[in-house]
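Notes follow once the structure below has been shown.
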Amino acid sequence: MLWQVHTLNFCTLSKNPHCGHYITPAHDLSEIQTAEIIASTLLPSTDCTVRFYHYSHSENSTSARLVVILRTLRNGDDDRILWDKTVTQSFLWHRVEVTFSTSVKSKIVFQYVAIDEAHVPQTAVDDLSFSVTCAHDPDNSELPVTPEPTMTPATATPMTDAPPASPTVNPCKENEFYCWRSDGVTCIAAGTQCNYVLDCPLGEDEETCGPCNFENGQCQWSDISVGPNKWQWVKASNNTDLPTDHNTGTGHYMQTYIMDPSKNEAVFQSPSLPISSGYCQLLFHFLMGAGNAGNLSLILQKGEEDRKLLWSRSSSTSAQWVPEHLPLGKQEQPYRIIFSSQTSLRQDDSRSTTRTIALDDISFHNCEKDYQPPDFSLATCSFEKDLCGWIQGAADDLDWERWSGPNETPNAGPPGDHTSGNGYYLYIKSSSHSKKGDTAHLKSPLSPPTGPDGYCFMFWYHMFGATVGSLRMSIYDISSNHITSMWQRQGSQGNEWHMAQSHVQLTEVHQILIEASVGGLSGHIAVDDLSVTKGACAPTEGICDFEEGDCGWIQQTDDDLDWIRVSGNNVQSKSRPGFDHTTNTTNGYFFYVESAPTHVQGHTARMTSPLLQTGDAKCLQLWYYMEGQGTGTLNVYQQFSDKDRPLLVTQSGEQGGLWRFAQTPLTVSGSNYRIVVEGITGQTEQGVIALDDVQFSDYPCTASGQCDFEVNFCSWMNLLEEDDADWLRAQAGTGNHTRPSVDHTTNTSTGYYLYMDSSVGTWGDTAMILSEIFTPDSRGHCFTFWYHMYGYNVGTLKLYKNNRTAHNSGNKFGQIVWEESGDQGDVWRKANVYVAYREPFWFIFEFLKGEAPKGSIAIDDIHIFPGPCDSYTTPPTPHHHDTVGIGVGVGVTLFVIFTVGAVLFVLNKKTKRESTLEDDILDSNFSYSHFDCNMTGLTSTGEDSNSSDLGNISFSADGNDTSFA
């Protein structure tokens, strides 16, 4: 039986670009059917690879086989099977690579064997090729009839103008390797070749084992592409796509040569690589030019079918060579590295252009089997001099930049580093060249297994700006190629440095990754002062995040249920949070109220803090999570004794499936106290109540429903997924001229407020902040706030109210209850809104950017109280203008009294004189100033403001407000 060439059936019907030919056995009806096709003669070689694609299909089980044989004798008596495959029902083309070595001449034979087949299976072979390391006999001589003496294997001459990669004469002994480029005759032990260590003076022993700068050829790296697209060995010049290589500027590199963009890939493969240590890293340099079609991937191959994608990049590097350090991990058997340049361009897509992709200077580091890593504590870095062994990830679109001092973007980034304020830090910069979602990776040196105690990784971060992206710290397990998120944040975190830490425990070699992503044009992310210490992370004073335990909190025994400490990884109920608040990952810990086998409404779970000394803290802060239909109630008490237990915080029902913040002033008394957290089950077992990050602060804070923004956002939070930008909290004296120069609370440049800058974003962009959920009251509620809108076409400020009924019916934001647009002057103005609900409700502020690029909108001093707005007395704000006004008013009043008294005295002295007190006497002697009254609706922020608020001005003469609408 013979092999014959077949043409695809549809080739004659059209000009189909996928038309082609293949070979298949020509079947006959004999019981044993065998077909052979024999390749041309090969010279002796130590590393030759034959590649081909095969197709097979059989309707029933079959004994037919396809075999690849290495033949060294003409009659086949010394045949050696290299590959053997049973014909199966695959319906697909499969790619095969077979690597072999031989010390004599040989031929590759494809043999098909079918025994007594009732239904003849279909088998085909296509795209047969040999690697450049195979040495072909130019005379294609016949194989000998009897065995010949063995010869020293030769290395194939590459299909380039490269010099030979090995000597033709070996003066060394049989068990030695000849360093042929070194002076004299230098021989080393044969076992030291290909061990990742340069034993020859000029490194010849490792030249064909993976490392390559391509100056002396391809170092047995080979193009194994199937189809017209290839990798080529190129010498840099002014006439090449890339005028310089990475190494010398005028040297050689490898470049993709795309003949047909519609074909998928060009493949470049390493020689067989030796086993390696767990700390082995590959360093290569690559360049991806302009164009919008194509990417570069790196694959690790072990055996025929075991392939693992380690790395990929699709974005351009412009005209720069970029280094990439890639951990390969421990390899316990020979393996190969494959670079795949892929294109996704259709032939009819003339608008796209394929980009130039090039490789240079491939090397291996710390790969020797007995390599011992340095102490991982050396990964500590403040970036004062360099990156301290940390490296940039090159699969990303951005790099971390080392910087000192403030950056050039206003209202974004830190004013200085964390270490001293004058040193260096790393940051990613949002700019017009970057787009949302672009990332930058920072990678640590490889770390050994941590041992049972692990280590604490701590760093400081700064995330500030209206469109800040996200920051994540992860652990990369080299052996499993798995990344685990340990900590993350998203959006603006305030204009200050924050500390983050994570307890790492891992039994494998691993790497710390710090990843930052772009959120928009205004918002930078910075990191500084990375440190590693042995053991668990030290607790932060005054705060319990439950990461290392319960912090001494005790379960009470007179309740029905317990609070349970869990992480998001072992959450079973759909209602429980899948992540904690501290780390915002599934690995973080929190407490939640356990579920009983039989749900009973009203069952309680209580736990108490350690005993606290009075006067040590002024404010209690905590994060809570309440989700699910029929969620119960969370109560927080300050317990001085069994009978003295004031309620500090209470929340009931569904809270939106997110971690919410609560804070409350602590009562100061003469006795010590404990904090009691009580969870009460609701109507159904679907509701969940969870608690995290309990903190005792020395700073005073406002109670629920009030916020002056002097310390934090209180319970207000940015809606990260629903809008285009974040509201920012800022100090009055730190902004541009369009922001308020003073806050409303203190009327000074040191006070704080929330604001949105009109220079950020585009016309129509929105920014939203969400309030806590308020409990209804039969009297209704008055919601008051102060706002500042300054700048031409600055935009619009809206206030929404919403409740669960409206929200669950699809009304996401609720009803607009107040709205103001445009320039309202450089003044703080007051707004009152009355709402009446019979169910829990909340508010949303929305900023809608106007057309103009300058201006800002700010809010301050939010307060909600039960009852109508006209029943609430606003205490006078102690502004310095008011003090002057009061003084002037008192002086004028005394002057009037003195004048009237004098007039009466003079008139009294005159006999029977008719006296009349004319109105114009007061008019001519009373010097009126708008600061004489408590005009709480209008507070000037300038030295001489003529603005007035006719919509809502409150005058106060005797402590009671009167509003003029």
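The values are calculated or read from the model by the stated rules, or taken from the named source; none is laboratory data. Just so it is clear, the structure is predicted and the values come from calculations on it, not from any experiment. Cβ: placed from backbone, ideal geometry, glycine included. Neighbour counts: every protein chain shown. The protein model used for the area step is the full one, side chains on, heavy atoms only, and it has no ligands, DNA or RNA in it. Shrake-Rupley method; radii C 1.70, N 1.55, O 1.52, S 1.80 Å.
Before moving on, here are some points about what is shown:
- Only Cα sites of region 716-796 enter the Debye sum here, all with the same form factor; the resulting log10 I(q)/I(0) across q = 0.11 1/Å is -0.38, listed in q order.
- What the phi angles of region 275-290 give under the Karplus curve with 6.51, -1.76 and 1.60, with θ = phi - 60°, is a coupling list of 4, 9, 7, x, 9, 5, 10, 9, 10, 9, 10, 9, 9, 10, x, 5 Hz, glycine and proline written as x.
- Each residue of region 483-497 was assigned a 3J(HN,Hα) from its phi angle through the Karplus curve 6.51 cos²θ - 1.76 cosθ + 1.60 (θ = phi - 60°); the sequence is 10, 10, 6, 10, 6, 7, 9, 9, x, 5, 10, x, 7, 7, 7 Hz, with glycine and proline shown as x.
- List Glu148, Glu204, Glu368, Glu174, ordered by accessible area with a 1.4 Å probe, largest first: Glu174, Glu148, Glu368, Glu204
- Note that region 706-713 has calculated 3J(HN,Hα) couplings of 10, 7, 10, 6, 6, 10, 7, 7 Hz, one per residue in order, obtained from phi through the Karplus relation 6.51 cos²θ - 1.76 cosθ + 1.60 (θ = phi - 60°); glycine and proline are x.
- Chain lengthening between Cys551 and Ala703 when straightened (0.36 nm per residue, less Cα-Cα): 52.2 nm
- Summing Lys and Arg as +1 and Asp and Glu as -1 over all other residues whose Cβ lies under 11 Å from the Cβ of Gln555 gives a net charge of -3.
- Calculated over region 491-613, the projected area of the Cα convex hull averaged across directions stands at 12.3 nm².
- Tyr455, Tyr790, reordered so the largest accessible area comes first (probe 1.4 Å): Tyr790, Tyr455
- Segment Thr192-Lys618, length gained on full extension (0.36 nm per residue, minus Cα span): 146.4 nm
- Cα gyration tensor shape for region 198-328, rounded if a/c is under 1.5, else prolate or oblate: oblate
- Computed accessible area, Ile391, all protein chains, 1.4 angstrom probe, square angstrom: 30 Å²
- Cβ-derived FRET efficiency at R0 22 Å, Tyr257 paired with Ser314, nearest 0.05: 0.70
- Shown is the FRET efficiency for Gln505 and Thr86, computed with R0 = 56 Å from the Cβ-Cβ distance and rounded to the nearest 0.05: 0.75.
- Ordered by solvent-accessible area of protein heavy atoms (1.4 Å probe), largest first, the residues Lys830, Lys385, Lys369 come out as Lys385, Lys369, Lys830.
- Nitroxide proxy distance, nm - points 7 Å out along Cα→Cβ at Asp78 and Val169: 2.7 nm
- Over 16 Å [Cα-Cα, region 277-336], rounded percent: 53 percent
- Each residue of region 598-709 gets 108 Å³ once the volume of the Cα convex hull is shared out per residue.
- His94 accessible area, assembled protein chains, probe 1.4 Å, Å²: 70 Å²
- Rounded to whole Å, the principal axis extents of the Cα atoms in region 176-260 read 46, 30, 18, largest first.
- Per residue, the convex hull spanned by the Cα atoms of region 175-223 amounts to 76 cubic angstrom.
- Each of Asp306 and His599 was given a label point 7 Å from its Cα along the Cα-to-Cβ line. The distance between the two points is 4.9 nm.
- For Pro700, the shell of other residues with beta-carbons less than 13 Å away shows a net charge of -2, using +1 for Lys and Arg and -1 for Asp and Glu.
- Spread of Cα-to-Cα distances over 10 Å intervals beginning at zero, given as percent, for region 463-517: 22, 45, 24, 9, 0
- Modelled FRET efficiency - R0 51 Å, His57 with Leu202, Cβ distances, 0.05 increments: 0.45
- For the residue pairs Lys308/Lys443; Lys330/Lys534; Lys302/Lys436; Lys105/Lys230; Lys436/Lys798, alpha carbon separations beyond 32 Å are given by Lys302/Lys436.
- Over region 621-743, Cα pairs under 8 Å with separation of 6+ residues give a relative contact order of 30 percent.
- Rounded to the nearest 10 Å², the accessible area of Trp83 at probe 1.4 Å: 20 Å²
- Annotation: amide H of Cys367 within the under-5 Å range of Gln281, sequence separation 5 or more or interchain, hydrogens built in the peptide plane.
- Simple point charges give the picture: +1 on the Cβ of Lys and Arg, -1 on the Cβ of Asp and Glu, and for region 203-267 a dipole about the Cα centre of about 340 debye.
- Proximal charge balance of Asp861 [Cβ under 11 Å; K/R count +1, D/E count -1]: -3
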